[in-house]
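The values are calculated or read from the model by the stated rules, or taken from the named source; none is laboratory data. Computed from a predicted model, the values in this text were never measured in an experiment. Backbone-built Cβ (ideal geometry, glycine too); neighbour counts: all protein chains shown.
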Amino acid sequence: MTSARNDNQAGMQTAARAGIGPTSDYITVMIGEQSFGIPVSLVQDVFMPQSVTRVPLAPREVAGVLNLRGRILTAIDMRSCLDLPARVGGAAPMAVGIEKNGEAYGLVIDQVGEVLSLKREDLEPNPANLDPRWRKVSRGVYRLDGNLLVVLDVDRILDFEKAAGAA
């Protein structure tokens, strides 16, 4: 009986990490003064980008490319994606490494927070008063002790063709 219970618990933990169970795990990041969540299942690395090489004629969201341990990543400036002003001074930026359709990306953010495991049922649709800049890349929000955690929709962020067509 104990073995079956342990197997069930392990299965529930695996399901939760895979986004199947009653909770979802998010890595929290700060962009400007706002907290955002990125599904942990998408995150491959968290790092400090060293040298970003600009790419001529790239969309404004593309800060350039960078080399991470021999792998070339497209650096996405999340401040630009959210129509926020450029960083001025302060701590060095961080990046969250993800992969989509075989391509590697680094989402350049201001700061990395903690990993939160949140109940799926608590995810709310975007409120009507959510900043339109955030709404266009948000899957929904969590209300956390007086703070709003905006869950990023990584597919929307990386959909450059659709964004170019809308402009």
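Taking the criterion of being surrounded by fewer than 16 Cβ atoms within 10 Å (Cβ to Cβ) and under 12 Å from the mean Cα position of the chain (by Cα), the residues of region 116-161 that qualify are Asp155, Arg156. Of the strands (runs of 3 or more DSSP E) entirely within region 24-90, those holding at least 1 residues that are farther than 25 Å from Ser117 by Cα occupy 62-68, 71-77. When region 51-83 is limited to residues that are farther than 20 Å from Gln34 by Cβ and of a type in the set (Ser, Thr, Tyr), the one that is surrounded by the fewest Cβ atoms within 10 Å (Cβ to Cβ) turns out to be Ser51. The set of residues from region 51-61 being within 20 Å of the chain's Cα centre (by Cα) and either at pLDDT 95 or above or over 11 Å from Tyr105 (Cβ atoms) (or both) comprises Val52, Pro59, Arg60. If you check Leu116, Leu123, Leu73 for being under 17 Å from Val154 (Cα atoms), touching a residue at least 40 places away in the same chain (Cβ under 8 Å) and in contact with a Gly (Cβ under 9 Å, 6 or more places away or on another chain), only one passes: Leu123.
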